[in-house]
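Structure first, commentary second.
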Amino acid sequence: HGAVVGGGVGLLCLCDAVIATQDSRWKLPELPLGMVPTALIAPLRARVAPAALKRLLFEARTWDGSEALAFGLATELAPVTALDAAVAARVAQFASLPPGAFGATKRLLATLDHDAFAQAAAAIRPLVEAAPASPESAQRLGALLARTAR
């Protein structure tokens, strides 16, 4: 519920379940600010389809909760008035699973996810090292900081 911006989107991509409200707002501002969103690419790629990933990165706009659900960023949509109940129901559902099998499955998925993340990190590192901050990035970030300082 509320705003999910930049790294917050990446953080939620690491969650087993994400329950969003219709009025939640999702945005990836890095590219419009002249920054390569290197820290977000791996978790986003693991969560959304390639075509959705390009839309999320290239379209400089804010998405609502139902769009986040359609992209695969959220796993469920709940009304604001029922958000706590939806979270409680999801937690109860996870808690009802056999703990040993649930834990082993999470460890297996983490191993597979780690391998994919390590490959993505290896591919991203040269891009980060070779991409110094451009004057355009500095100007855009400076304008953003000036607006937020008001």
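Which one of Ala51, Ala46, Ala39, Ala89 is open to solvent by 30 Å² or more (accessible area, probe 1.4 Å) and in contact with a Gly (Cβ under 7 Å, 6 or more places away or on another chain)? Step through it out loud before you land on a result.
On the way: Ala51 fails: in contact with a Gly (Cβ under 7 Å, 6 or more places away or on another chain); Ala46 fails: in contact with a Gly (Cβ under 7 Å, 6 or more places away or on another chain); Ala89 fails: in contact with a Gly (Cβ under 7 Å, 6 or more places away or on another chain).
Being open to solvent by 30 Å² or more (accessible area, probe 1.4 Å) and in contact with a Gly (Cβ under 7 Å, 6 or more places away or on another chain) holds for just one of Ala51, Ala46, Ala39, Ala89, which is Ala39.
Within segment 69-86, if we keep just the residues that are open to solvent by less than 60 Å² (accessible area, probe 1.4 Å) and touching a residue at least 12 places away in the same chain (Cβ under 8 Å), the residue that is farthest from Leu28 (Cα to Cα) turns out to be Ala86.
Which of the residues belonging to segment 54-68 are crowded, with 17+ Cβ neighbours inside 10 Å and more than 25 Å from Ala118 (Cβ to Cβ)? Outline the logic, then answer.
If we filter segment 54-68 for residues that are crowded, with 17+ Cβ neighbours inside 10 Å, which is where we start, we get 56-57, 63, 65, 67-68.
Residues satisfying the conditions are Trp63, Gly65, Glu67, Ala68.
Just so you know, in segment 6-36 the residues that are at pLDDT 90 or above and of a type in the set (D, E, K, R) include one that is most open to solvent (accessible area, probe 1.4 Å), and it is Arg25.
The values are calculated or read from the model by the stated rules, or taken from the named source; none is laboratory data. Predicted, not measured: the structure shown is a model, and the values here were computed from it. In this analysis, Cβ positions are derived from the backbone assuming ideal geometry, glycine residues included, and neighbour counts consider all displayed protein chains. The accessibility values were calculated without ligands, DNA or RNA, using every heavy atom of the protein model including side chains. Shrake-Rupley method; radii C 1.70, N 1.55, O 1.52, S 1.80 Å.
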